[in-house]
1. Please verify whether region A:72-87 includes one or more residues that are surrounded by fewer than 20 Cβ atoms within 10 Å (Cβ to Cβ), assigned to a loop (DSSP other than H, G, I, E, B) and among the β-branched types (Val, Ile, Thr).
2. Can you work out which of the residues in region B:119-146 that are assigned to a helix (DSSP H, G or I) and free of Cβ contacts under 8 Å to residues at least 40 places away in the same chain is nearest to the other protein chains (Cβ to nearest Cβ)?
3. Say we look at region B:180-202 and pick out the residues that are surrounded by fewer than 24 Cβ atoms within 10 Å (Cβ to Cβ) and within 14 Å of chain A (Cβ to nearest Cβ); which of these is modelled with the lowest pLDDT?
4. Would you check if A:Ala64 is crowded, with 19+ Cβ neighbours inside 10 Å, under 19 Å from the mean Cα position of the chain (by Cα) and part of a loop (DSSP other than H, G, I, E, B)?
5. Report every pair of residues separated by at least 6 positions or lying on different chains whose Cβ atoms are under 7 Å apart, first residue within region B:224-240 and part of a strand (DSSP E or B), second hydroxyl-bearing (Ser, Thr, Tyr).
6. Kindly provide the set of residues from region A:285-320 that are under 18 Å from A:Ala233 (Cβ atoms) and in a helix (DSSP H, G or I), ordered by number.
7. Go through (1) surrounded by fewer than 24 Cβ atoms within 10 Å (Cβ to Cβ); (2) more than 22 Å from the chain's Cα centre (by Cα) one by one and return the number of the condition B:Asn149 breaks.
Amino acid sequence: MLRERLVEALGAGAVKTEPEDLAVYSFDAYTDGGRPSAVVLPQSTRDVCAIVKIARDCGEPIVARGAGTGLCGGAVPMQGGVVLSFARMNGVLELDVANRRARVQPGLINRELSRYAASSGLFYAPDPSSQLISTIGGNIATNAGGPHCLSYGTTVNHVVGLEVVDASGEVFTTSLDDAGYDLTAALVGSEGTLGIVTSAWLKLMTLPEDVRVAVVAFDDLGSASAAVSAIIAAGIVPTALEIMDAVITRAVEAAFHAGYPTEAAAILLVEHAGLREDGESCEAAIEAIAREHGARSWRSASSQAERDALWAGRKGAAGATGRIAPNYYTQDVCVPRSKLPEALRAVEAAAAQNGIVVGNVFHAGDGNLHPLLMYDRRERKQVAAVVETGNVILQAAIDLGGTISGEHGVGWEKRDAMTRVYSTADLATMGRVRDVFDPARMLNPEKIFPSGTQCVEVKAP
Amino acid sequence: MKALAERVAPQSAEAAGEIVGACDRAGEKVSIVGGNTLEGMSLPPERVDLTLDVTALRGVVANERADLTLAVRAGTPLQDVATLLAAQGMFVPFDAPQPLYATVGGTLAAGWAGPRRHLYGRVRDYLIGSTVVLADGTIARAGGMVVKNVAGYDMSRFYVGSFGTLGILVQANFKTIPMPPHARCFLAPLPERTRERAAVQLAGLSIRPSAAFIVRGFENAVDGEDGDEGRVFALIEGSDALLERSTLEIRSALGRAGVPETQVIDAGARASFERVVDAYVACLGERSVTYGITALAGGAERCALEIEAVALRHALRTESIVDAMNGDAVVRVSDADALALGAKIETFDEALHEVQPRARVFASKHAHRASLRVWGEPPAALEQMKALKARFDPNRTLNPGRFIGGI
């Protein structure tokens, strides 16, 4: 019935129900997931409306999916349901150079937008490490970050309007230019639980005329993170402040030959962008603070190629860990920036206690940690140790005044951790928004909200 | 005659929650007020049984200098925040009028989007956490004191621009950014047939100024003197090198537009900029109504001209501020006295909205305000907004009728 109706509406080429196809869509970059009833590839907003209506009629939940790079199980159904893949809605619909805006489809790959806009002197600022494959739709769903969010802000700061298909299959639009409630803000980061974005107006930025990238070596992770805290505390906000420890640097060098010194215990990657004339003095100010905090060397990239190589290495870091262990689990927590050294000590202690090799590669300037816990999925004991380590790190971040996700999202993985940072009333308030957009909980159910609170109804006492 | 509404100024979120919850259960309507500086941007509530003044909820909750974050109670005046942060070399670009009186909560509730947003982003983009009292008295928190947080919906930003119709903001947490070391402003009278060209030139500068306006009128409010077609006001902020290069660039750009002389002022440049922002909502007693519209760059100048043309047909005096960087057009129409304005304003308002359906009222102290299309054309997603109001405030306790579409 479901298949027949979908095929009738979209054609057989847009509908997948063979077990081997469905299996592919029961995973994202998280480990857990269920098999969907069908996978559909819409080509237009109208297609999306039709799919939502059919799924609703058939009582099937809907999970929107971009490239499946999410780390929290946000883009996979837990049981049955229709997965809506945006692989065929991946274009730039309009580039408005005068207003520095672009209208794009959700399946557009993040990096493609900056490539497309480059000839106009513009770029799209949010740059998650997955940007070579992850899509704008997925980035919007998770309010994705990236190294350059330090000064440019996360995805929500760069979305000016949305076209959305709601839970009943009707289209509505939002715009920051319009008066009224900020529905754009509510939708960005809602992980597909409030609506399905079918196009987005995005803000573009002018490419800076002068970009400097430096690699700074430290003898230990503590000094590097203390240096970052000090740079921020001095009121300097460069465009990126990224840290990698030796575990990661060695893996990156082996994979990319990016030019990172492998003998250093910790590497700080500093990027500064602005006017040509200011580059040198800004760099000097940052270098002075880094040296005060034990920087052993400071090397500025001398060419665009060298800068690109360093960034390619940094953004490919997680993948490069395949050389260390068959599997890795990425934790994503954010702490107040002055608490970085403490948070890293907690990570180290948790990993040591559970006998897990940890690699740290993270957005230090934002206080956003990404410990990569290495393990072998086939070893049950290691899996348990990784789960425990991740959990201890999560709690340590919360105890330091931090949060359970800085940029990856809650998804399926962290839904039950939501109660550790929010009260019942706080969660019920979010639930009120959900009640309006998805009263029947058919859009990406079992995500974000803790289990058992799907139909939470909080009335005044 | 209806008795004057009672006025309370709770000193804590809990006290505010108890008061509002009690009103909600009793079917009483609550009007929420801060500094009253942006009151004219919305309609008067249709009924008020209690006025809840948030200005007693003031002061810093946490000033985390090393984290570049700050938490304040919502009734804190913007100037207090600015002064505190300036001492640390930091700021949050509120860019709202009358910072001595305007509160943090009121500025957020009004969704104020200032002129420097094209460069620094909107105030909402600095908001990292919030505490809100809902209509039923529930106290709900969102976000925290970290600069990146995607745990759950972004409720803090969601309340921005809701004019107190979803809840009462009692605390706001911000990330801060470094204050640019230097500021400089430019003033230039515009000779005949230079206005449009100047706007285009300013929007196309390679070093974007923090703000650039084409102003007409607003004598004594905005610095500088009008030429035949008004005057340019621009603000640049940054390093010495930026000031130097930007100055050359602005001078030659205006030169190309046919503007012969540009005055450069460093002393009090930011204060001078703040006077432009004040003018956005400055009223001539009850003799004026100020309209605003967000067009996109390039469209703003045309919008202002259209509004001015309609005003001319109604024999109303006009003054305008066109934000060349964001594409906002702000036009103040006025007449000799309140009676003269009152006789024309409704027909003008109607004619204006035929030409510019999205024009909103920014400021008016006039008694006729309630009969104007204060909100302009309703937004595309009005139905969703109404449903949100119904879910957050089913008894319509908070600011009923103040918002768009009767919300």
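The values are calculated or read from the model by the stated rules, or taken from the named source; none is laboratory data. Treat the numbers as computed from the prediction; the structure is a model and nothing was measured. Cβ: placed from backbone, ideal geometry, glycine included. Neighbour counts: every protein chain shown.
1. no
2. Step by step, filter region B:119-146, then rank; the result is B:Asp125.
3. B:Val200
4. Spelling it out, it is not the case that A:Ala64 is crowded, with 19+ Cβ neighbours inside 10 Å, under 19 Å from the mean Cα position of the chain (by Cα) and part of a loop (DSSP other than H, G, I, E, B).
5. As it stands, the answer is B:Leu235/B:Ser210; B:Ile236/B:Ser210; B:Ile236/B:Ser246; B:Glu237/B:Ser210, since those pairs meet every condition given.
6. If the condition is that a residue be under 18 Å from A:Ala233 (Cβ atoms) and in a helix (DSSP H, G or I), then A:Ala285, A:Ile286, A:Glu287, A:Ala288, A:Ile289, A:Ala290, A:Arg291, A:Glu292 are the ones that fit.
7. For B:Asn149, the failing item is (1).
Residues checked against (1) surrounded by 20 or more Cβ atoms within 10 Å (Cβ to Cβ); (2) touching a residue at least 24 places away in the same chain (Cβ under 8 Å); (3) more than 14 Å from chain A (Cβ to nearest Cβ):
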site	(1), (2), (3)
B:Ala22	no, yes, no
B:Ala26	no, no, no
B:Met41	yes, yes, no
B:Leu52	yes, yes, yes
B:Ala56	no, yes, yes
B:Ala62	no, yes, no
B:Leu70	yes, yes, no
B:Thr76	yes, yes, yes
